[in-house]
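Asker: Once you've had a glance at the structure underneath, I'll fire off some questions.
The values are calculated or read from the model by the stated rules, or taken from the named source; none is laboratory data. Computed from a predicted structure; not experimentally measured. So basically every Cβ, Gly included, is an ideal-geometry build from the backbone, and we count neighbours across all protein chains shown.
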């Protein structure tokens, strides 16, 4: 049983490790470039989406202002209803009441916020579990 002599063209273990590390490095660099390009597209689309939402929000604010003026003129009804200054004060008062109601409900909801006690307790158990201890 004769073994073949090692030729100069046969790769050595050092050469194989070097080639593998170079290929892995290149692969990682290409993956990072791909992630950057995908992220750039996502960020651009997200930025455009946020801008469109902001524009829509601005238009809604303008629409609410116009609706408020229309309601005040509707209450006035060409002088046959309440005086125009009272009509605008009624609309203003309605918005103040609505804002107060929203603040009241918001405060009640914020008071319901609690710490995630079960998750915190489980988090405290992780070091014990890693050490093989049971509680």
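Asker: Looking only at the range 36-57, decide whether some residue is over 23 Å from the mean Cα position of the chain (by Cα), assigned to a helix (DSSP H, G or I) and without any contact (Cβ under 8 Å) to a residue 40 or more places away in the chain. Before the answer, list the steps.
Answerer: Of the range 36-57, the ones over 23 Å from the mean Cα position of the chain (by Cα) are none.
Checking the range 36-57: not a single residue is over 23 Å from the mean Cα position of the chain (by Cα), assigned to a helix (DSSP H, G or I) and without any contact (Cβ under 8 Å) to a residue 40 or more places away in the chain.
Asker: For the range 59-68, does any single residue satisfy the condition of being closer than 27 Å to residue 94 by Cα, touching a helix residue (DSSP H, G or I) at 6+ places or on another chain (Cβ under 8 Å) and either part of a helix (DSSP H, G or I) or touching a residue at least 24 places away in the same chain (Cβ under 8 Å) (or both)?
Answerer: Within the range 59-68, the first condition is being closer than 27 Å to residue 94 by Cα, and the residues that meet it are 59-68.
Subsequent filtering for residues that are touching a helix residue (DSSP H, G or I) at 6+ places or on another chain (Cβ under 8 Å) retains 68.
From what's left, either part of a helix (DSSP H, G or I) or touching a residue at least 24 places away in the same chain (Cβ under 8 Å) (or both): 68.
Checked the range 59-68: at least one residue is closer than 27 Å to residue 94 by Cα, touching a helix residue (DSSP H, G or I) at 6+ places or on another chain (Cβ under 8 Å) and either part of a helix (DSSP H, G or I) or touching a residue at least 24 places away in the same chain (Cβ under 8 Å) (or both).
Asker: Also, I was wondering about something else. Is there any pair linking a residue in the range 93-118 that is more than 30 Å from residue 72 (Cβ to Cβ) to one that is modelled with pLDDT of 95 or more and assigned to a loop (DSSP other than H, G, I, E, B), with Cβ under 8 Å and at least six apart or on different chains, and which?
Answerer: Hits for this filter: zero, empty list.
Asker: More than 33 Å from the chain's Cα centre (by Cα) and surrounded by 10 or more Cβ atoms within 10 Å (Cβ to Cβ): does that describe residue 25?
Answerer: Details: more than 33 Å from the chain's Cα centre (by Cα): no; surrounded by 10 or more Cβ atoms within 10 Å (Cβ to Cβ): yes.
The answer is no for residue 25.
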